[in-house]
Structure formats: C-alpha cells, structure tokens
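Single-structure report; data block below.
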Amino acid sequence: MKIILKDATLLNPAQKLHEKKDLLIEDGIIRKVGELTDEDYEKSTVYDFAGKYCVPGLFDMHVHLREPGREDEETIETGSNAAAAGGFTEIACMPNTTPDIDSAEIVRYIKEKSKEHLVEVYPIAAATKKRQGEAISPMFELYGAGAVGFSDDGVTIKTAAVLKNALEYSKMFDAPIIEHCEDESLSSGAMNEGINSTILGLPPLPSVSEDIIVIRDILMAEYTGGKVHIAHISTKRAVELVRWAKKRNINVTAEATPHHFTLTDESLKTYDTNFKMNPPLRTAEDVEAIIEGLKDGTIDCIASDHAPHSIEEKEMEFIYAPNGIIGLETELGLALSELVHKKRITMEQIVEKLSINPRKILNLPVPQFKVGEKANLTVIDPDLIWTVDVSTFKSKSKNSPFDKKLLTGKAVAVINKRKMYYEDKFIDI
Amino acid sequence: MSLSSRHLLGLYGVPKEDIQLILDTATTFREVLERPIKKVPTLQGKTIVNLFYENSTRTRISFELAQKRLSADTVNFSTSTSSTKKGESFKDTVRNIEAMKVDMIVVRHQSAGIPYFLTRISKANIINAGDGLHEHPTQALLDMYSIREKFGTLKGLNICIVGDVAHSRVAMSNIFGLKTMGANVSVCGPSTMIPVGIEELGVKVCKNIDEAIKSNDVLNVLRIQLERDAGSRIPSVREYHNFYGITSERLEKNNKNILILHPGPINRGVELTSEVADGPYQIILDQVTNGVAVRMAVLYLLGTMN
Ligand SMILES: [Zn+2]
Ligand SMILES: [Zn+2]
C-alpha cells in the first residue's frame, strides 16, 4: 500500500532537516522524500498535512504499564493504545510490575506482546533482584533478552555499594541506570515540604530527599564511569547538580515530566489525589528551574511517568492514596502549550526531548526521513486547540489532573511498523 | 446573618465576619447552658452523624452533648484506625451513611483533607472535628471564645502557641483564626517542632520560653503528643520539660497576668506542671464548658442554613 504525507514540514534535528517536503511511504518503507510525480499522487492514498510537522516518532522512556500483575489498571495493549493516541511510536516501560521485570522470561513476554502493535515497547529491567536493592539483577541476560536500561523505579537503589556494582556492571553494555531519586529515610511524606504542607497539614517530603540521591548518583557515575539517568527530576537544586555534572563531563542525563514543569504544590489545596505523585509537585521556583534546565539542555528529555491507578485506589484518603498520574495522552499537548507556545523552548527542542534524546540515552536508532528507511514518525498539529477529556482516553485508568484543561497542539497521526494511527483508528499501510 | 460557607472545614481563609458570628452565637448558647433545662428545639428533626476514625472521647462527647442540647438526632460511627488501615471502605461507609439521609457529618480522621473529600461525596454539611495534622477548627474557636471571654477582644492581643506546633492541628487552626481576628500570634518551641514557612503566615517564632511568657497575654500550651513520635523531634521529655515546660516559678518570675490555655488532655509534668494545670493562671475547665457552647453555635449556624 502506498500513502503520501502531503505538505507537512519534515523536522528532524538529528539529520539537520527542517523543510517542507512530501513523503511517499510504501509498505511501511519511505520510498521518496520530495520530488513526487503526478503518478505517485494518483496511485496513493494522500493525507493532507499542511501546517503540520512530521517528526521522527515520539519516544517516552518512562511509562508504567501494569502488565503483568495489575491488568485492571493498564495492559501492554491499552498502554500502547494510549501511547499511539498521545503521538508516541515507542515507549520504555518500568519494571515495577508483579512480578517485577527482573527475569529474561518477563522481558521476552513484554517484547512478544508488543510485537503486533504499532507502538514498540522496550522494557527497562530491574536494577536489583526483585527491586530489593540487595544484589544486582542478571543484567547480561536481561539485556540479551531485550531490556534497554535498568531501574528500581518506585524506589532508589538502596545503598551506594549496590549502586556502584550496578554502574560498573551495566557499563559493559553501556546501558543506563535509571534512578528514582529519593532518600528513603526522608521520604515518608505525601507532598512537598514548605508553606503549603504547613497549611494543608499533610506529611512533608523535603526536596533535599531528592537532591541527596542525585548528588550521590552523580558522584558514583563519575567514580565508576557508568551511566546514570535521573528520572523525573523535580527540584531546583537537582537541576543545578545535573548542570554541574554535565560541565564536568560526567555521564549523567535527566528527564522531566510535564506535571513537574506545569504544576506546583498550590494545586493540592482541595486534596485531590490526582495531584499526588512522587516526586511530589514542588514550588514555582522549582518549576522555573526545570523549564530553564529543559531550555539549556541540562534536562535531556521529557517523559510522562505514566502511572495508571484505578479510581477505587485513587479516590481515598489522601495519605493512603497511591502516587502517580497517567500522562501519555496529555504529554505532547502540555509540552507544546506550556513550553513552545509560551516561547520557552523551540519546536526543534521538543523533537530532541521527546524523540531523539531518549533513544540516544537508551542506545536506540533515531528514525530518519531517508529513502529506504522504515517509516517511524509522528505528525503534529502545533496549533490544534483541544480540551482534555479523560473519558475518551485510551488508557484504562483515568487518573489525570489535567481533565478539562484546554491545550494547544496535538499529534494527529503516527506511523510505525507498517501501521498508521489516524482519526482514532489503526490502519494497516 | 448567616455563614458564608455551608461547611466548616477549617479556619484558613474563613472571613472575620463568620468567626465573629460563631463566637457571638456561642455567647447565647453559653447562657442556655446555665439554665436548669439546658435544651433548645433548634435542630429538631435534623440527623447528625459523628464519624470518628480516631479515638477522641473528649471531642466526641462535646459534639454529642452540643447536638443533644439542640435536640438533633445523632448517630455515632466510631472505628479504630487499625481496622480501616488501608481505608478502602471510607467512601463506601460514607455512601451508606448518605443513603440514610443525614443532614450533617462531624468527622475526625487521621488523614488531612478528609472533610474536603467528604464534601465531594456527600450532600451533608461537613464539620471538621480534626483531620490529620491539618485543622481542628472547633477547638480553635473555643480557645478564641475563652480568650475573648477574659479579655473582651482578640484584636491586638499577644498570643503565643507553645509546643509541637508543627504536628498540631489545634495550633494551625488557632493561628489561622487568631490572625484573621487581628491578634499578634507567635509560636514557641524547639526548632524541630516549628512548622516550615510559618513566618510567611505572619507568625513570629520565639525560641525562649521565658521571653514568650514575658511578652504575651496568653499562652496556648499544646500537648506533647508522645504517641505521634514526638520522640524523634526532641531528645527526651525531660529535656523538653526543662527548656519549654510551664512552671509556676517561670510564670511568677516573668508575667503574673498571663492566661494559660491547654486543649487537653494534659501530660502533667511535661508541658505543664500540676501546679500550673490546677493553678490560678489557667482556664482549662472553662475551655471544656465553652467547647459545648461553641459547637452548639457551629451546628446551629450550619444546620439552619439550607
Ligand atoms: Zn519514580
Ligand atoms: Zn516511575
């Protein structure tokens, strides 16, 4: 089958491409970039994408699919559908499932399940056995089975000694250790410590809890030469520490979530548990520091930390409700509305942070707009105004604090693995 | 005159006029409590549920008595923290109660924000009887009532809250309410017990108890909640008592006109010596009596709104 993407602006900073050109795709392979003939247009299904960007397929490197274990909240399939609807062609999933992703068997199970779907799922395996922080996981085997990184996400790798081991070992295949940075002894709280936790009377979680682990990890990355990726960075100080580390060429990268660059702990005033996540929402100063970090490259990527929870679990006493929100379907819209349209970062940077850099960190190839390449792309309408409506979400869970929010910018089509997601449907191409 | 909100979730942001109205109404009920027949038919036919997820005999009895004095029908639902540890059933419990057509819910719970959650899942008027470390507005209102009874006003008074302020919902409600009413509020205690950012609320921090006694008209002395792991924030109860305990000697040396409040129950020999707890400076039992009148006022004002 032949399709043509007409009049879109091809934007791929990885190939220094920013040009309006038509794409001819046949059986999922790019056959022509520009210079299409009348015959091509006659024999193809033509999609008019005037005013839209066509970028290498978006990649979210921090997603919690609940399979195996909590298929009532999300499955590999529903999470992948949500990813496609959000504009992603590839995602990496975190290992805190039940059981944890700490055996080759489970890595293979996930790879197998994602095979037929447009969205490719790359498993991040546990860094330690059962994510207990006692001994490193069988990384060679996990890597061989298809894991692309290692993490104990949900918690920090417990001790500096185990972290040292994990970094030295994972160095052998250049895979990153992805750290959820939180000092366990300081982390019994439910919201950021500050004037708002004082007013709301919720147990506080001080920002220094994150900073202490970030600096520990940076120093350990320097010492071992291993590769550390800081997940969901949320504090001003942590951004400064990563900036400091990068200046010293320490092998550290970082990601930020849309909620950490759009919301503050002021949002907790009504005790809505859809604003409860870990790391917690911080202050306006932290938000500003994260945006600055995204702008100057200190923060390499944007990731959702998509964390589905059932309504029953989320609608309960604030201190008992689980942490986390879903994010795949609002991520791009928030990034475009809050960062691009507010002129904080450029469209090129969006592509870097949502497509190119996550792949570089995980040593995966960046899709190119070149003849003979597999079509793996996202079409973005930067000016489409839409209202978030969780009831229409593809995700099985609905725990989003952004319901009813007006956003500007949305993915209108994604193509990968000879499939296209367009106008709410998957089409074989 | 009526209140601006149909719930009492806390005192943060509650307008001065509302607090004034509650305190004035309480004065009327205080007189009722001195009559031989201490009952009025004001809330006849109203059903009130006391939903207590935390043990608190004092507050519950005070509310119950206030409800009976107003002729309301009351139902008590008490459960220990442990039996609903995970809390899955909270929403179901409330839905069940809601189905019984109740008019008001008085709630105490260990999780801050529960009264807000209740307003989203119930149509009843909600009264916060203490939620986590957030607020305990009726306790603060009765403290304010008791102070006003003594001084005739709250405006311009120097009032210091002493003890584990950071882990006290009573303290926070007092701070919010007193600030609104124009009092000069300060807090005194070891630094580990002073809430983060409290100065941003216009509250002064005092580290020395003798200073606090000297420069204030009223001390509201908090209970050191040993059960809420106060132990991790102070090295020992003995050390706390030595540096922050209120003794007769300290009062006599620094300020003979001071008024001492305590929300109870008292840890004698910790935050107050027995001599002070039973002595001439305190009005602890008045607070208890006033508590019933203030709760009657709140129940009456909310219960007759709709
Ligand atoms: Zn995490
Ligand atoms: Zn996560």
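The values are calculated or read from the model by the stated rules, or taken from the named source; none is laboratory data. Source: prediction; values computed, not measured. All Cβ positions, glycine included, derive from the backbone under ideal geometry; neighbour counts span all protein chains shown. All accessible areas refer to the heavy atoms of the entire protein, side chains included, with ligands and DNA or RNA removed. Shrake-Rupley method; radii C 1.70, N 1.55, O 1.52, S 1.80 Å.
Things worth noting here:
- On inspection, A:V155 qualifies as surrounded by fewer than 24 Cβ atoms within 10 Å (Cβ to Cβ) and within 16 Å of ligand 2 (Cβ to nearest atom).
- Scope the range A:258-276; condition within 13 Å of another protein chain (Cβ to nearest Cβ) and either part of a loop (DSSP other than H, G, I, E, B) or touching a Ser or Thr at 6+ places or on another chain (Cβ under 7 Å) (or both); matching residues: A:D265, A:Y271, A:D272, A:N274, A:F275, A:K276
- Beta carbons closer than 6 Å, at least 6 apart along the sequence or on distinct chains, pair a first residue in the range A:50-73 that is within 17 Å of A:I91 (Cβ to Cβ) and within 16 Å of ligand 1 (Cβ to nearest atom) with a second that is acidic (D, E) and open to solvent by 10 Å² or more (accessible area, probe 1.4 Å) for A:H62/A:D305.
- Restricting attention to the range A:397-409, the residues that are surrounded by 21 or more Cβ atoms within 10 Å (Cβ to Cβ) and either more than 19 Å from A:Y271 (Cα to Cα) or free of Cβ contacts under 8 Å to residues at least 12 places away in the same chain (or both) total 2.
- Subset of the range A:277-315 [within 23 Å of A:A82 (Cα to Cα), within 14 Å of another protein chain (Cβ to nearest Cβ) and open to solvent by 10 Å² or more (accessible area, probe 1.4 Å)]: A:H309, A:S310, A:I311, A:E312, A:E313, A:E315
- Selection within the range A:205-219 - small (G, A, S) and either modelled with pLDDT under 95 or not in a helix (DSSP H, G or I) (or both): A:S207
- Condition check for B:I213: assigned to a loop (DSSP other than H, G, I, E, B) and more than 13 Å from chain A (Cβ to nearest Cβ): no
- If you check B:S186, B:S146 for being of a type outside the set (A, V, I, L, M), outside any helix (DSSP H, G or I) and buried (at least 19 other Cβ atoms within 10 Å of the Cβ), only one passes: B:S186.
- The condition (being outside any loop (DSSP other than H, G, I, E, B) and more than 14 Å from chain A (Cβ to nearest Cβ)) is satisfied by just one residue among B:N257, B:N242: B:N242.
- Matching residues in the range A:195-204 - criterion: being outside any helix (DSSP H, G or I) and either crowded, with 20+ Cβ neighbours inside 10 Å or within 24 Å of the chain's Cα centre (by Cα) (or both): A:G201, A:L202, A:P204
- Wholly enclosed strands (runs of 3 or more DSSP E) of the range A:374-429 bearing at least 2 residues among the β-branched types (V, I, T): A:377-387, A:406-416
- Positions within the range A:128-152 being on the phi > 0 side of the Ramachandran plot and open to solvent by 70 Å² or more (accessible area, probe 1.4 Å), in sequence order: A:K130
- Matching entry among B:L141, B:L201, B:L157, B:L178 (being surrounded by fewer than 24 Cβ atoms within 10 Å (Cβ to Cβ), of a type in the set (A, V, I, L, M) and away from every other protein chain (no Cβ under 14 Å)): B:L157
Okay, residues lined up against (1) in contact (Cβ under 8 Å) with a residue 60 or more places away in the chain; (2) within 16 Å of ligand 2 (Cβ to nearest atom); (3) over 30 Å from A:K425 (Cα atoms); (4) of a type in the set (A, V, I, L, M, F, W, C):
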| residue | (1), (2), (3), (4) |
| --- | --- |
| A:K115 | no, no, no, no |
| A:A126 | no, yes, yes, yes |
| A:I177 | no, yes, yes, yes |
| A:S188 | no, no, yes, no |
| A:L200 | yes, no, yes, yes |
| A:P203 | yes, no, yes, no |
